[in-house]
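A.B. asks: Here it is: the structure, laid out below.
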There are 2 protein chains.
Amino acid sequence: MEHYVAGGTQGPAALRKLTSTVLDALAEGAVERGGPLPAGGPDAVTAEVRAGCTPMLPEHGSGADEALREIVRVVAKGAADPSDPHCVAHLHCPPLAVAAAADLAASALNPSMDSWDQAPAAGIIEAEVTDALAQLVYAGPDVTPDALITSGGTESNLVALLLARERARAAGARTVQVVCGTNAHHSVQRAAWMLGLPTPAAVECRAGRMLPESLDRVLGEYAGAPVLVVATAGTTDEGLIDPLPELADVAARHGAELHVDAAYGGPLLFSDPLAPRLAGIERAVTVTFDLHKLGWQPVAAGVLAVRDADDVAHLSFQADYLNADDDTEAGLPDWLGRSIRTSRRPDALKIAVTLRALGRRGLGDMVEHCVRTAEEFAAAVDAHPELRARPGEVGISTVLFRPVAADRLSADTSADAGDASADAGDALVAEVRRRLLDEGRAVVGRALAEDADGRRKLWLKATLLHPRTRAADLSGLLKLVADCATEHRADDRAESRAEHRAENRAESRAEHHVEHRAEDRATEHRTEGDTP
Amino acid sequence: MEHYVAGGTQGPAALRKLTSTVLDALAEGAVERGGPLPAGGPDAVTAEVRAGCTPMLPEHGSGADEALREIVRVVAKGAADPSDPHCVAHLHCPPLAVAAAADLAASALNPSMDSWDQAPAAGIIEAEVTDALAQLVYAGPDVTPDALITSGGTESNLVALLLARERARAAGARTVQVVCGTNAHHSVQRAAWMLGLPTPAAVECRAGRMLPESLDRVLGEYAGAPVLVVATAGTTDEGLIDPLPELADVAARHGAELHVDAAYGGPLLFSDPLAPRLAGIERAVTVTFDLHKLGWQPVAAGVLAVRDADDVAHLSFQADYLNADDDTEAGLPDWLGRSIRTSRRPDALKIAVTLRALGRRGLGDMVEHCVRTAEEFAAAVDAHPELRARPGEVGISTVLFRPVAADRLSADTSADAGDASADAGDALVAEVRRRLLDEGRAVVGRALAEDADGRRKLWLKATLLHPRTRAADLSGLLKLVADCATEHRADDRAESRAEHRAENRAESRAEHHVEHRAEDRATEHRTEGDTP
């Protein structure tokens, strides 16, 4: 069946057979993996995957069925699966089955969003999606907002800076100065570099948030020049929301524009109780808004909301084969200027199906679930004798925590804060994370962030994005981390290694990880199997 | 089922139900459409799609099954489907079912390619894919090539220019001057604009190909400055391949670097008889290579091959949460610098499955099929009394053709070439294309290109990418175009409109389009149903 095409009236029958093979291989790979990620660490996983997928370009093919069965099984067995409750390192969500299923239609029909004659319906669906999301960000009668679909927050931030540069140029300036917090996502720096803009000026943060008084000071240095201030609603490391109203006030006073990177936090707008946390976002000229984080879409599902629809015209471009003047005059829509890409997958399709399937409230409920789970998880961390959560507010659905053992080690060393290799406590935190990865037990993130004493320390990070995992489902994770920290310290003390190991083994008979993992798996299955 | 996640051991069961709904809706929509694209033109299609998909963000959801059934049916009914033999406008391929099925695994598992702990296996599969493709472009013992996965030719060209800029900067220059043919894809201009480079200098073309002597002249103007020459292997308008060995010689003589945009032509390398057409490509520092054109992947499947693997380091970037130094030292792979994106879909997975399923020869055979079909189609055009193909070589799988009636009209007007609204013949060509689109009968492209007399004229364009359509399956398309041109001229002559219509109606009783379309559909089904 390897020569069958996916479209037309016959494609679906071919796809039915082939996707059945894929689903079998996905299930088989998940069972073989038996955890949130494969055990053995990078070298072992690489060797096994390589053995399963080479030669990558054989002289003669092995057929569609064999290729799907083998390669999909290998990739499933070797996945870091965000649908596992112990996979919480990144803003890497478990996609909804409904969104993944809708995405199959995108692959099969293959509309390309750069011209009407490649995507007559998909283009309209995209327009409806972007209208709805633009209205969600910029409500009210005195705005005519628009939104663009992007490949993610990185492209949204890039386009935001590009639009700012072009507004500046249109006003006669040579460039635009970007000003952002030290808490901003690295894509802001990278976008400025790509676009040939000056290096962004840094605004100080305290407790993970931009300081309005620091912004005021920095903007004072750029009086008269076009400036784009980039604030964040949901920082990557801590999930914190910058003080948007205050920052918008400062920016306005200096005549600077504001862009808000709400790649993480944007979907709070789906929720009535949580939306007020983003108050002030509507004062931004552009807003980055991802739906492959708190929106449960497979990557990519990026959005850039634009307050003034006319701004988008800065991206317009003429290519006779796609948008000749006489075609446009004759009524063929011109979509080329809605992206910096040309051929473009209809990522709006899966978003459209998800918005309709769940509605605003359904999505809002799921966002609220994650926020609530994070608060409960932080409380459970603090209730654990060997762990503590970072003091202060929980950021959206991100919890930073640390083994108490790491604090004891940090206290024993006098290294400068922020250098994991120099501070023994930070080194323990990093080592615990890597050991859990190597053993295939948990995918936990890491973040440098201020402690209550103002020192920057390395923390373990749990980014809770699973729409159904509850804090109780994560008790096993806390035990894994605490035990791993204890074991690691034991390993480090060569003189007492033997007795520590024996002790750990004795303990493990009563409450071994494996049993915990089995229990968690049962929990997961129950959660998964619930009727919605 | 709208809250189920796609991963884990339970996701596949949820996906089995939901993808079944999707496949039913795809089949239903294709039957309802009954042709290569929906009839009625942009306004009618927009109205119907909008009615079927709004409200886009309801307050309460309608459930996964309803949302999938309705929205997928709407998008399928309103698709321009490249698996229909009459859908030939663009470099917009019908994706293989095996590739679309593999892509489902990407959506379900959602690996993100920016760190090992989000994609342990998918990252290795990508590395194997990029190694294989890098070797395909840059064979031989004295090179250490690499390749990057991109969102398509546009991003590949952007990254190629970015790498050139960074090489120039590393050598102490301020920027790089891009030099490209007037036949280059618009993304080259756009990339230079985005990156803040000088406007690309234009090299003259003759008969659609860059002139080495013009390149020599242009490069003479930039002596001493870093220059990147961009040549094309498979132009968008004509499918032509620039004279790569001669251009490489000229560039080398001037100390300029060469980039080849082989987004279209690159896959000729899979074929033993066709690969020699790309001789000289290995002299480029970078090569754009798309697999969502002659590679039958759903968008996106872009590649940028890089001759010197060390070059990729210009994209490296540090973000502590993704690639902290101590993690990298401890053996966690650092993948952040392999893209200008951060979160990134594993597009390599569908490519890997396709390479394995078909092998090099299977893909080569399909490329050869398209090239052969284009040659046969061009001959069939010339055999048609009312049509003629553009004189000269057929470009890869692209055939430009024109109703003879357009030539008669052009001869009657003395307008400047290249302005479709000013030349009556060109206006007829554009109108025929739009009418076929409006009537839902064919999706044919347009291109401005030189005729044998050296004048630039507007042509209809057929880009033949279907791996199983034969020239004989396209006879109906020729008749559609010829009849449409005749009808249109008739419509334009108000004084004789009535009799022409009657004549056309009489003719249509014997050989009506609808019957042709039914016949074509039968052909398509037969083609589809063949055992591979």
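The values are calculated or read from the model by the stated rules, or taken from the named source; none is laboratory data. If you're wondering where the values come from, they're calculated on a predicted model, not measured in any experiment. Positions of Cβ are backbone-derived with ideal geometry, glycine not excepted, and every protein chain shown enters the neighbour counts.
A.B. asks: Identify the residue in segment B:5-19 that is in contact (Cβ under 8 Å) with a residue 12 or more places away in the chain and not basic (Lys, Arg) and, among all such residues, is surrounded by the fewest Cβ atoms within 10 Å (Cβ to Cβ). It would help to see each step written out before you state the result.
C.D. replies: Of segment B:5-19, the ones in contact (Cβ under 8 Å) with a residue 12 or more places away in the chain are B:6-7, B:11-12, B:14-15, B:17-19.
Right, trim to not basic (Lys, Arg) and you get B:6-7, B:11-12, B:14-15, B:18-19.
Working: B:Ala6: 31, B:Gly7: 28, B:Gly11: 27, B:Pro12: 25, B:Ala14: 27, B:Leu15: 29, B:Leu18: 28, B:Thr19: 29.
Only one residue fits best here, namely B:Pro12.
A.B. asks: Sticking with this structure for a sec: How about segment A:137-184: which of its residues are over 19 Å from the mean Cα position of the chain (by Cα), over 19 Å from A:Ala248 (Cα atoms) and within 11 Å of another protein chain (Cβ to nearest Cβ)?
C.D. replies: Selection gives A:Leu162, A:Arg165, A:Glu166, A:Arg169, A:Arg174, A:Thr175.
A.B. asks: While we're here: Which condition breaks for B:Met1 when tested against (1) crowded, with 21+ Cβ neighbours inside 10 Å; (2) modelled with pLDDT under 95?
C.D. replies: The number of the failed condition is (1).
A.B. asks: Here's something else I'd like to know. Looking at this structure, is A:Leu96 touching a Phe, Trp or Tyr at 6+ places or on another chain (Cβ under 6 Å), in contact (Cβ under 8 Å) with a residue 12 or more places away in the chain and at the interface with another protein chain (Cβ under 7 Å from one of its Cβ atoms)? Lay out the reasoning, then the answer.
C.D. replies: On the way: touching a Phe, Trp or Tyr at 6+ places or on another chain (Cβ under 6 Å): yes; in contact (Cβ under 8 Å) with a residue 12 or more places away in the chain: yes; at the interface with another protein chain (Cβ under 7 Å from one of its Cβ atoms): yes.
For A:Leu96, the condition - touching a Phe, Trp or Tyr at 6+ places or on another chain (Cβ under 6 Å), in contact (Cβ under 8 Å) with a residue 12 or more places away in the chain and at the interface with another protein chain (Cβ under 7 Å from one of its Cβ atoms) - is met.
A.B. asks: Suppose we filter segment A:22-40 for residues that are more than 7 Å from chain B (Cβ to nearest Cβ) and more than 17 Å from A:Pro82 (Cβ to Cβ); how many remain?
C.D. replies: 6
A.B. asks: Any residue that is under 27 Å from the mean Cα position of the chain (by Cα), under 30 Å from A:Ile340 (Cβ atoms) and either within 7 Å of chain B (Cβ to nearest Cβ) or not basic (Lys, Arg) (or both) - is there at least one of those in segment A:42-62?
C.D. replies: Checked segment A:42-62: no residue is under 27 Å from the mean Cα position of the chain (by Cα), under 30 Å from A:Ile340 (Cβ atoms) and either within 7 Å of chain B (Cβ to nearest Cβ) or not basic (Lys, Arg) (or both).
A.B. asks: Given (1) closer than 26 Å to A:Ala139 by Cβ; (2) surrounded by fewer than 20 Cβ atoms within 10 Å (Cβ to Cβ), where does A:Leu278 come up short, assuming only one miss?
C.D. replies: Result: A:Leu278 fails condition (2) only.
A.B. asks: Does A:Pro85 satisfy being more than 7 Å from chain B (Cβ to nearest Cβ), within 23 Å of A:Gln297 (Cα to Cα) and touching a helix residue (DSSP H, G or I) at 6+ places or on another chain (Cβ under 6 Å)?
C.D. replies: yes
A.B. asks: As an exercise: evaluate B:Ala39 against (1) part of a helix (DSSP H, G or I); (2) touching an Asp or Glu at 6+ places or on another chain (Cβ under 7 Å); (3) touching a residue at least 60 places away in the same chain (Cβ under 8 Å) and give the number of the one condition it does not meet.
C.D. replies: Answer for B:Ala39: the failing condition is (1).
A.B. asks: Separate question: Just give me the residues in segment B:450-490 being surrounded by 23 or more Cβ atoms within 10 Å (Cβ to Cβ) and among the polar types (S, T, N, Q), in sequence order.
C.D. replies: B:Thr463, B:Thr469
A.B. asks: Would you be able to say whether some residue in segment A:334-341 is charged (D, E, K, R) and within 26 Å of A:Tyr264 (Cα to Cα)?
C.D. replies: yes
A.B. asks: Test B:Leu26 against the stated conditions and say whether it is over 23 Å from A:Pro467 (Cα atoms), in contact with a strand residue (DSSP E or B) (Cβ under 9 Å, 6 or more places away or on another chain) and surrounded by 24 or more Cβ atoms within 10 Å (Cβ to Cβ).
C.D. replies: On the way: over 23 Å from A:Pro467 (Cα atoms): yes; in contact with a strand residue (DSSP E or B) (Cβ under 9 Å, 6 or more places away or on another chain): no; surrounded by 24 or more Cβ atoms within 10 Å (Cβ to Cβ): yes.
Against the criterion (over 23 Å from A:Pro467 (Cα atoms), in contact with a strand residue (DSSP E or B) (Cβ under 9 Å, 6 or more places away or on another chain) and surrounded by 24 or more Cβ atoms within 10 Å (Cβ to Cβ)), B:Leu26 does not qualify.
A.B. asks: What do you reckon, is A:Arg165 among the basic types (Lys, Arg) and closer than 23 Å to B:Leu315 by Cα?
C.D. replies: So A:Arg165 fits the description; yes.
A.B. asks: Can you give me the number of residues within segment A:186-236 that are within 14 Å of chain B (Cβ to nearest Cβ) and of a type in the set (A, V, I, L, M, F, W, C)?
C.D. replies: Qualifying residue count for the region: 7.
A.B. asks: Is it the case, given these coordinates, that B:Ala207 is among the hydrophobic types (A, V, I, L, M, F, W, C), surrounded by fewer than 20 Cβ atoms within 10 Å (Cβ to Cβ) and under 16 Å from B:Gly255 (Cβ atoms)?
C.D. replies: On the way: among the hydrophobic types (A, V, I, L, M, F, W, C): yes; surrounded by fewer than 20 Cβ atoms within 10 Å (Cβ to Cβ): yes; under 16 Å from B:Gly255 (Cβ atoms): no.
It is false that B:Ala207 is among the hydrophobic types (A, V, I, L, M, F, W, C), surrounded by fewer than 20 Cβ atoms within 10 Å (Cβ to Cβ) and under 16 Å from B:Gly255 (Cβ atoms).
A.B. asks: So, in segment A:63-80, of the ones that are basic (Lys, Arg) and in contact with an Asp or Glu (Cβ under 7 Å, 6 or more places away or on another chain), which residue ends up nearest to the other protein chains (Cβ to nearest Cβ)?
C.D. replies: Filtering first and then ranking leaves A:Lys77.
A.B. asks: Can you tell me which condition B:Asp423 does not meet? The list is (1) surrounded by fewer than 23 Cβ atoms within 10 Å (Cβ to Cβ); (2) at pLDDT below 95, and all the others hold.
C.D. replies: (1)
A.B. asks: Yes or no: A:Val129 crowded, with 24+ Cβ neighbours inside 10 Å, among the β-branched types (Val, Ile, Thr), facing chain B (nearest Cβ under 7 Å) and under 28 Å from A:Ala357 (Cα atoms)?
C.D. replies: On the way: crowded, with 24+ Cβ neighbours inside 10 Å: yes; among the β-branched types (Val, Ile, Thr): yes; facing chain B (nearest Cβ under 7 Å): yes; under 28 Å from A:Ala357 (Cα atoms): yes.
Spelling it out, A:Val129 is indeed crowded, with 24+ Cβ neighbours inside 10 Å, among the β-branched types (Val, Ile, Thr), facing chain B (nearest Cβ under 7 Å) and under 28 Å from A:Ala357 (Cα atoms).
A.B. asks: Those residues that are aliphatic (A, V, I, L, M) and closer than 19 Å to B:Arg344 by Cβ, I need them from segment A:161-190; list them, please.
C.D. replies: A:Val188
A.B. asks: Take B:Gly392 and decide whether it is in contact with a helix residue (DSSP H, G or I) (Cβ under 6 Å, 6 or more places away or on another chain) and either farther than 28 Å from B:Leu294 by Cβ or away from every other protein chain (no Cβ under 14 Å) (or both). Walk me through it before giving the result.
C.D. replies: On the way: in contact with a helix residue (DSSP H, G or I) (Cβ under 6 Å, 6 or more places away or on another chain): no; either farther than 28 Å from B:Leu294 by Cβ or away from every other protein chain (no Cβ under 14 Å) (or both): yes.
So B:Gly392 fails the test.
A.B. asks: Report, by residue number, each residue of segment A:445-457 that is more than 9 Å from chain B (Cβ to nearest Cβ) and either of a type in the set (A, V, I, L, M, F, W, C) or at negative phi (or both).
C.D. replies: First, the residues of segment A:445-457 that are more than 9 Å from chain B (Cβ to nearest Cβ): A:449-457.
Selection gives A:Ala449, A:Glu450, A:Asp451, A:Ala452, A:Asp453, A:Arg455, A:Arg456, A:Lys457.
Quick grid of which residues meet (1) at pLDDT below 95; (2) out of contact with any Leu (no Cβ under 9 Å at 6 or more places or on another chain); (3) assigned to a loop (DSSP other than H, G, I, E, B); (4) more than 14 Å from every other protein chain (Cβ to nearest Cβ):
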site	(1), (2), (3), (4)
B:Ala251	no, no, no, yes
B:Leu258	no, no, no, yes
B:Leu268	no, no, no, yes
B:His292	no, no, yes, no
B:Val299	no, yes, yes, no
B:Val303	no, no, no, no
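A.B. asks: Here's a follow-up. Is it the case that some residue within segment B:224-242 is assigned to a loop (DSSP other than H, G, I, E, B) and modelled with pLDDT under 95?
C.D. replies: yes
A.B. asks: Right, next: Step by step: first the residues of segment B:433-485, then only those that are among the acidic types (Asp, Glu) and part of a loop (DSSP other than H, G, I, E, B), then the one that is nearest to A:Leu332 (Cα to Cα). Which residue is that?
C.D. replies: Checking each candidate, the answer is B:Glu439.
A.B. asks: Give the residues of segment A:321-354 that are more than 9 Å from chain B (Cβ to nearest Cβ), part of a loop (DSSP other than H, G, I, E, B) and more than 25 Å from A:Lys293 (Cβ to Cβ), sorted by residue number.
C.D. replies: A:Asp334, A:Trp335
A.B. asks: So how many residues does segment B:199-246 have that are on the phi > 0 side of the Ramachandran plot and free of Cβ contacts under 8 Å to residues at least 24 places away in the same chain?
C.D. replies: So the count comes out to 1.
A.B. asks: Restricting the first residue to segment B:330-352 and requiring it to be over 25 Å from A:Ala100 (Cα atoms), which pairs with a second residue that is in a helix (DSSP H, G or I) and of a type in the set (Ser, Thr, Tyr) meet a Cβ separation below 7 Å and a spacing of at least six or different chains?
C.D. replies: Between residues of segment B:330-352 that are over 25 Å from A:Ala100 (Cα atoms) and residues that are in a helix (DSSP H, G or I) and of a type in the set (Ser, Thr, Tyr), the close pairs are B:Asp334/B:Thr328.
A.B. asks: I need a count of the residues in segment B:44-79 that are in contact with a helix residue (DSSP H, G or I) (Cβ under 6 Å, 6 or more places away or on another chain), within 25 Å of A:Gly8 (Cβ to Cβ) and in contact (Cβ under 8 Å) with a residue 12 or more places away in the chain.
C.D. replies: 17
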